[in-house]
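All remarks here apply to the structure that follows.
The values are calculated or read from the model by the stated rules, or taken from the named source; none is laboratory data. Because the structure is predicted, anything quoted here is derived from the model rather than measured. Note: ideal-geometry Cβ built from the backbone for every residue, glycine included; neighbour counts use all protein chains shown. The accessibility values were calculated without ligands, DNA or RNA, using every heavy atom of the protein model including side chains. Shrake-Rupley method; radii C 1.70, N 1.55, O 1.52, S 1.80 Å.
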Amino acid sequence: MYFRRLLIANRGEIALRVQRTCRELGIETVAIYSEADRNSLHVRNADLAVCVGPGPAIESYLVIEKVIAAARETGADAIHPGYGFLSENADFADACEAAGIAFVGPPAAAMRQLGGKVSARRLMEEAGVPIVPGANDIDPSDLKRARAEAERVGFPLLVKASAGGGGRGIRQVDEPGQLESAMELSASEARSSFGDATIFLERYVQRARHVEVQVMADAHGTVRTYGERECSVQRRHQKLVEEAPSPAVTPGLRQRLCEAAAAAARSCGYRNAGTVEFLLDDDTGEFFFLEVNARLQVEHPVTELVYGVDLVAQQLAVAAGEALPPSPSEGPPEPEGWAMECRINGEDPYQNFIPSLGLVQHVEAPLGPGVRFDSMLFDGLDVPVYYDSMLGKLIVWAEDRPLALARMRRALDDLLVTGVVTNAPFHRALMDDPDFISGSVHTKWLESSFAMPPPPEEDPRERTALIAAAVASELAAAGRRQGAAAGAGPGASRWTRAARSRASGLPIRPVSPGWRRASGRRQA
């Protein structure tokens with residue numbers, strides 16, 4: 001039994017992703033949006049839409065009271081947080097429960113236990129999950145203890161913020177003389193970003209892969225694992241390419257990783273979707289617990305493709321109290337084929353990945369067998385300055401890894417975005433790199449061993465697309481002038497009147513119940 005109406009407390013491609021599954025399940029969706037996102041696709045595709053404030057997320061998407069009020073106003077009986085924003089905010093989960101609204105995610109208590117890296121390390125150690133040797137709860141002002149613990153852990157090591165995330169609050173220390181400044185910098189960044197200056201020390205695994213396991217747990221005691229994803233291609237601790245399965249994981253290692261991930265989930269009464277992240281030592285084959293992401297991950301599509309599962313549908317079923325379906329086999333299922341995902345960001349890879357914003361003039365999405373493009377892009381999108389640079393995710397599936405690489409090359413060649421610069425050329429160059437092709441990568445490989453080739457000559461398709469966009473803009477302007485002269489009288493269709501209302505910048509409201517059913521969209 002699913003929900004009747006779901007509010008999606010997010011934006012962009014993840015909001016669209018959740019909407020698509022809801023449409024298949026017959027669940028109405030409510031979009032929230034900032035003023036900067038008024039014309040975004042997730043607003044257009046929702047059954048109801050509510051503005052929650054100005055462009056900055058801290059004044060809109062991150063205001064718990066506004067999100068809860070939007071859910072109450074629209075009669076939503078559940079909220080899906082997506083990822084980012086409030087997705088791992090235990091106070092938000094509590095607020096949903098207090099309002100009598102189901103939260104499509106883990107319990108607040110589990111989030112609190114896993115939210116602090118130090119508390120999570122302790123929890124995993126008690127559950128028998130391997131952790132990286134380190135020292136917890138280091139006071140940044142207690143240099144004497146920090147030095148003693150650093151000698152015990154050994155160099156090189158990492159200074160990490162307990163409340164950190166997204167690569168913030170991490171400093172590498174190669175020798176004792178660097179420890180004090182690294183602690184000061186890490187604590188300062190942690191205090192400003194998370195309001196908590198607590199740090200800890202952790203041995204630095206020098207040739208480590210980032211491997212993670214997808215888990216799904218219901219309220220009836222079942223914890224399901226869906227194999228591993230390889231996420232080692234990173235820049236500044238940010239993932240750029242993910243694939244499933246991992247080129248470095250054998251069936252035996254997969255079994256051990258999945259058992260450890262399931263133990264991690266059971267240790268805190270976890271429910272719903274989550275990801276247990278591990279460091280895999282490329283030299284020894286040992287793996288160590290890194291953290292738990294208590295939400296759906298950006299890279300979840302690669303797992304969906306190799307295991308034939310809709311993780312969003314399972315999230316909704318679990319949140320509604322349903323039990324997970326019986327597993328067809330003991331242990332983790334074996335992956336079928338190979339999936340790969342490239343994050344398409346608004347960045348210039350030839351200019352040190354500086355952000356690229358502005359008006360998207362034209363988009364041509366890749367098509368064909370085994371290609372999936374989860375994206376917020378459309379012709380005329382004005383990319384806001386307030387949010388993450390990710391514009392979409394290009395995902396492919398094929399029978400094996402060489403075919404997946406070939407398919408991704410073709411899909412990247414087919415992708416065309418004009419008006420803003422994307423990092424697609426970086427991904428295209430990566431697909432031809434010998435190390436990446438062989439799977440011989442680790443978390444520092446990209447920054448230490450990969451170099452962008454020089455930019456190619458101008459893509460002739462881009463020039464053609466720009467000309468076409470200019471012609472289309474002029475034709476649209478001519479049509480508006482003609483329509484203004486003719487008026488929008490009773491003879492105009494409901495679609496025409498809706499389009500003109502949207503073009504005028506006025507909020508669209510239903511002119512009759514039949515209009516809402518025909519268009520399927522309403523804004524509040």
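Structure above, values below:
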{"quantity": "FRET E, pair Leu143, Glu322, Förster distance 41 Å, beta-carbon r, rounded to 0.05", "calculated": "0.20"}
{"quantity": "Angle between the chain longest axis and helix 401-414 axis [Cα atoms, degrees, rounded to 10]", "calculated": "40"}
{"quantity": "Helix 494-503 vs. the chain, principal-axis angle (Cα, 0 to 90°, nearest 10)", "calculated": "60"}
{"quantity": "Using alpha-carbon coordinates, inclination of helix 117-127 to the longest axis of the chain, degrees", "calculated": "60"}
{"quantity": "Using a Förster distance of 51 Å, the FRET efficiency for Glu126-Asp400 (Cβ separation, nearest 0.05)", "calculated": "0.80"}
{"quantity": "Mean ellipticity per residue at 222 nm, deg cm²/dmol - from DSSP H runs of n ≥ 4 across the chain, formula -39500 (n - 2.57)", "calculated": "-11000 deg cm²/dmol"}
{"quantity": "Net dipole in debye of segment 168-235 [+1 Lys, Arg Cβ; -1 Asp, Glu Cβ; about Cα centre; nearest 20]", "calculated": "240"}
{"quantity": "Whole-angstrom gap from segment 112-144 to segment 295-362, using each part's C-alpha centre", "calculated": "29"}
{"quantity": "Accessible area per residue, Å², the chain with all protein chains present, probe 1.4 Å", "calculated": "43"}
{"quantity": "Difference of contour (0.36 nm per residue) and Cα-Cα distance, Asn39 to Arg20", "calculated": "5.0 nm"}
{"quantity": "Among [x] 89, 57, 52; [y] 113, 60, 40; [z] 81, 57, 50, the entry derived from the coordinates for Cα extents along the principal axes in Å", "calculated": "[z]"}
{"quantity": "Distance in nm between pseudo-label sites at Ala263 and Arg191 (7 Å out along the Cβ direction from Cα)", "calculated": "3.8"}
{"quantity": "Pairs of lysines in the chain (C-alpha under 23 Å apart; 8 or more residues apart or interchain)", "calculated": "10"}
{"quantity": "Cut-off under 5 Å, modelled amide H: who pairs with Asn272 long-range", "calculated": "Ala217, Asp218"}
{"quantity": "Environment charge of Glu399, counting only residues whose C-beta is closer than 13 Å and scoring Lys/Arg +1, Asp/Glu -1", "calculated": "0"}
{"quantity": "Cβ charges +1 (Lys, Arg) and -1 (Asp, Glu), total dipole of the chain, debye", "calculated": "2160"}
{"quantity": "Of all accessible heavy-atom area on the chain, the percent that carbon and sulfur account for (1.4 Å)", "calculated": "52"}
{"quantity": "Top positive-direction residue, dipole computed over the chain with Cβ charges, set Pro245, Val43, Val421", "calculated": "Val43"}
